[in-house]
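One structure is given below, encoded as structure tokens.
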Amino acid sequence: MDLSKLSKPELLSKCEELGITQCKSKKKSELIELIKSKETKVIEQDTPNDNIVILNADCMVELNKLEDNSIDCVLTDPPYFIDKLNNNWSSAEVNSDVKNSHIKHLPKGMKFDKAQVKNLYDYYLELSKLLFKKMKPGAYFLSFSSPRLYHAIAMSCEIAGFEIRDMINWTYTQNMPKGMSISHIIEKMNIPKEEKLKLIDEYKDYKTPQIRSCFEPICVAMKPIGKLTFIQNELNFKTGLLDFSQKVGIDHDRVPANIITTEEYNESYDKNFLVSKPSKSEKGESNTHITVKPLALIEHLIKLFSKKGALIVDPFLGSGTTALACKKNDRKCIGIELNTEYYKISLDRCM
Ligand SMILES: C[S@@+](CC[C@H](N)C(=O)[O-])C[C@H]1O[C@@H](n2cnc3c(N)ncnc32)[C@H](O)[C@@H]1O
């Protein structure tokens, strides 16, 4: 298509289709460049086995090519649009941004910026609208998120037409506290020394407002089944009903709950909510991705929300955990990853 023949409103709507946000004020030539940069990304394709397709591409472009009403389940861990972790995630930039607890180099995700939440919402709304077209009625759309961004993910799914059916809480104990002491700020205040020492002592137990985060909410959205009953929808599309033969807990005898843990930490929790502990080797030796999800957690979700032979799509595949879980559990998978380094890791893990 000759983009130069399109009007500015047509270019803007193409940008919207491709998930390019905040471009209303850009010139026509800039819009054309942005569109080209998305569309001309080299798409490599490989097939670790016939049912697992991994693409090195932009998800908006690839999802557009899928048949309408063809996806049985979407399971994804999207970029949260915090710091450099957005829909143009660059591993070089992310890795060079060394974690540092200094106030001017907050740990990743600790800058509170309303624009980031809005950008996530705008982007996820476009993605959700597109997925809504491509998914079967009764198909589940599961998105990992974070406690302070869950509302943006859930609202964008809801506004795109999905029903929010639940929120799963993936709980863990191992996470660094992010609240920071304020004594060094008081130290720099232009007040008499005595007053300073008094303030430092008074506020010695106070920190900036970031509670240690020990869970990730997973948004459970479903494409509505219209006027059909669940069993009618099941017979038509094989979606919607959940497989409760999928047991959890340390003795594998409890029905799935909306709390999940992947580490043992307390008798009652382990009995009710433990899925399975991650093994040291499951990430793969050379996996450099910073947000790899435990394989057992992804396998549990896939087995609960889809059937053997179902088509699972992960638009933000990262290092390939969803594809690997599909391969191990007889599901088909289309995984899309923009970053070539992570794409190669995905292929290695699934071969
Ligand atoms: C949170 S990570 C997923 C990690 C994954 N769950 C795992 O276990 O490895 C999100 C991924 O989305 C990718 N990404 C960001 N924007 C994308 C886009 N527009 N299309 C496809 N992938 C994208 C990033 O490169 C990143 O690897």
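The values are calculated or read from the model by the stated rules, or taken from the named source; none is laboratory data. Predicted model, so just to flag it, every value in this text is computed and none were measured. Cβ placement follows ideal geometry from the backbone for every residue including glycine, while neighbour counts extend to all protein chains displayed.
Please state which one of 77, 72 is modelled with pLDDT of 60 or more, in contact with a Lys or Arg (Cβ under 9 Å, 6 or more places away or on another chain), charged (D, E, K, R) and away from the ligand (no atom under 14 Å from the Cβ).
So the residue among 77, 72 that is modelled with pLDDT of 60 or more, in contact with a Lys or Arg (Cβ under 9 Å, 6 or more places away or on another chain), charged (D, E, K, R) and away from the ligand (no atom under 14 Å from the Cβ) is 72.
Going through region 322-331 one residue at a time, which ones are in contact (Cβ under 8 Å) with a residue 40 or more places away in the chain and buried (at least 20 other Cβ atoms within 10 Å of the Cβ)? Across region 322-331, the qualifying residues are 322, 323, 326, 331. Looking at 205, 243, just one residue is surrounded by fewer than 21 Cβ atoms within 10 Å (Cβ to Cβ) and either touching a Phe, Trp or Tyr at 6+ places or on another chain (Cβ under 6 Å) or over 24 Å from residue 73 (Cα atoms) (or both), and that residue is 205. In the set 303, 308, 332, only one residue is among the basic types (Lys, Arg) and touching a Leu at 6+ places or on another chain (Cβ under 9 Å); that residue is 332. Tell me yes or no: at least one residue of region 313-326 is more than 18 Å from the chain's Cα centre (by Cα) and more than 20 Å from residue 146 (Cα to Cα). No. Scoring residue 340 on the criteria (1) surrounded by 22 or more Cβ atoms within 10 Å (Cβ to Cβ); (2) within 16 Å of the ligand (Cβ to nearest atom) leaves a single failure, condition (1).
The helices (runs of 4 or more DSSP H) found entirely in region 95-187 that carry 2 or more residues being modelled with pLDDT of 90 or more and outside the structural domain of residue 287 (by TED's automatic domain parsing) are 183-187. Taken across region 222-233, residues that are assigned by TED's automatic domain parsing to the domain that holds residue 153, touching a Cys at 6+ places or on another chain (Cβ under 9 Å) and in contact (Cβ under 8 Å) with a residue 60 or more places away in the chain do not occur at all. Taken over region 271-329, the criterion of being among the aliphatic types (A, V, I, L, M) and near the ligand (Cβ under 10 Å from one of its atoms) is satisfied by 290, 292, 295, 297, 298, 317, 323, 324, 325.
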